[in-house]
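Step one of this worksheet: look at the structure below.
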Amino acid sequence: MPRITVKVDDITYEEDVEPRTLLVHFLRDRLGKTGTPIGCDTSNCGSCTVLMDGRSVKSCSVLAVQADESEIVTIESLASDGNWHPMQRAFHEEHALQCGYCTPGMILAAIDLLNDDPDPSDEAIRQGLEGNLCRCTGYCNIVRAVRRGAEEMGVTSR
């Protein structure tokens, strides 16, 4: 079995993994990162989105061995000292979630979007999140939350 070294939420792990293990299963089953949900296992819904080396990826479409020597950020590491990340707070305050299943992936995809476009238009937000599906909210509140999160993160001038 291949041995990988991966940094997840600021902790480095060295693990033997079966070559066909998906990153989402490695995170959940081996590391206990259950905040990364398994949605569709086909990379259609985006619920399992994490940041890998600063970029959003659907962890159901990445093999754990492909993450070797990478840094992974999951939803579980965004809050610090009991304080939510500005994007988490914005999703809460703008009521951008109902069932919450898509929320971890949406938040991480939004953070990546803001790294590329710190002052996105509503259309740019919609395009940036188009690979992340929500069956509950209708997206209006999600767009407002991303804009508010950008403002709270200090990356936008609006």
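Tell me which of these ARG126 doesn't satisfy, since it passes every other one: (1) open to solvent by 50 Å² or more (accessible area, probe 1.4 Å); (2) over 22 Å from VAL73 (Cα atoms); (3) at pLDDT below 90.
Tallying (1) open to solvent by 50 Å² or more (accessible area, probe 1.4 Å); (2) over 22 Å from VAL73 (Cα atoms); (3) at pLDDT below 90, ARG126 fails exactly one: (3).
Do we have CYS136 as out of contact with any His (no Cβ under 6 Å at 6 or more places or on another chain) and closer than 24 Å to VAL24 by Cβ here?
Yes: the conditions hold for CYS136.
Could you tell me whether the range 101-122 includes any residue that is surrounded by 14 or more Cβ atoms within 10 Å (Cβ to Cβ), polar (S, T, N, Q) and touching a residue at least 12 places away in the same chain (Cβ under 8 Å)?
yes
Scan the range 101-117 for residues that are part of a helix (DSSP H, G or I), farther than 30 Å from MET1 by Cβ and not acidic (Asp, Glu) and jot them down.
THR103, MET106, ILE107, ALA109, ALA110, ILE111, LEU113, LEU114, ASN115
Here are some residues: GLY54, GLY39, GLY82. Which one is within 16 Å of the chain's Cα centre (by Cα) and at positive phi?
GLY54
Please indicate, with yes or no, whether at least one residue in the range 148-156 is part of a helix (DSSP H, G or I) and under 14 Å from THR49 (Cβ atoms).
No, because not a single residue in the range 148-156 is part of a helix (DSSP H, G or I) and under 14 Å from THR49 (Cβ atoms).
Output the number of residues of the range 12-53 satisfying the condition of being part of a strand (DSSP E or B) and either among the aliphatic types (A, V, I, L, M) or within 12 Å of THR74 (Cβ to Cβ) (or both).
Residues flagged as part of a strand (DSSP E or B) and either among the aliphatic types (A, V, I, L, M) or within 12 Å of THR74 (Cβ to Cβ) (or both) within the range 12-53 amount to 5.
Out of the residues in the range 54-79 that are in a loop (DSSP other than H, G, I, E, B) and in contact (Cβ under 8 Å) with a residue 60 or more places away in the chain, state the one that is surrounded by the most Cβ atoms within 10 Å (Cβ to Cβ).
Taking the candidates together, the pick is THR74.
Please work out which residue is surrounded by the most Cβ atoms within 10 Å (Cβ to Cβ), limiting yourself to the range 25-43 and to residues that are within 14 Å of ALA109 (Cβ to Cβ) and modelled with pLDDT under 95.
Top of the filtered list is GLY39.
Could you tell me which residue of the range 80-100 is least open to solvent (accessible area, probe 1.4 Å), considering only residues that are more than 20 Å from ASP9 (Cα to Cα) and assigned to a loop (DSSP other than H, G, I, E, B)?
Ranking the candidates gives ALA96 first.
Could you list, in sequence order, the residues of the range 27-42 that are in contact (Cβ under 8 Å) with a residue 40 or more places away in the chain and either in contact with a His (Cβ under 6 Å, 6 or more places away or on another chain) or among the hydroxyl-bearing types (Ser, Thr, Tyr) (or both)?
Once the filter is applied, which keeps residues that are in contact (Cβ under 8 Å) with a residue 40 or more places away in the chain and either in contact with a His (Cβ under 6 Å, 6 or more places away or on another chain) or among the hydroxyl-bearing types (Ser, Thr, Tyr) (or both), the range 27-42 yields only THR36.
So is ARG148 at pLDDT below 95 and open to solvent by 70 Å² or more (accessible area, probe 1.4 Å) or not?
Against the criterion (at pLDDT below 95 and open to solvent by 70 Å² or more (accessible area, probe 1.4 Å)), ARG148 does not qualify.
Condition first: outside any helix (DSSP H, G or I), under 16 Å from the mean Cα position of the chain (by Cα) and touching a residue at least 40 places away in the same chain (Cβ under 8 Å). Now tell me which residues in the range 130-147 satisfy that.
GLY131, ASN132, LEU133
The values are calculated or read from the model by the stated rules, or taken from the named source; none is laboratory data. Predicted model, so just to flag it, every value in this text is computed and none were measured. Counting neighbours? That spans all protein chains shown, and the Cβs are built from the backbone with ideal geometry, glycine included. For accessibility, only protein heavy atoms count, side chains too; no ligands or nucleic acids. Shrake-Rupley method; radii C 1.70, N 1.55, O 1.52, S 1.80 Å.
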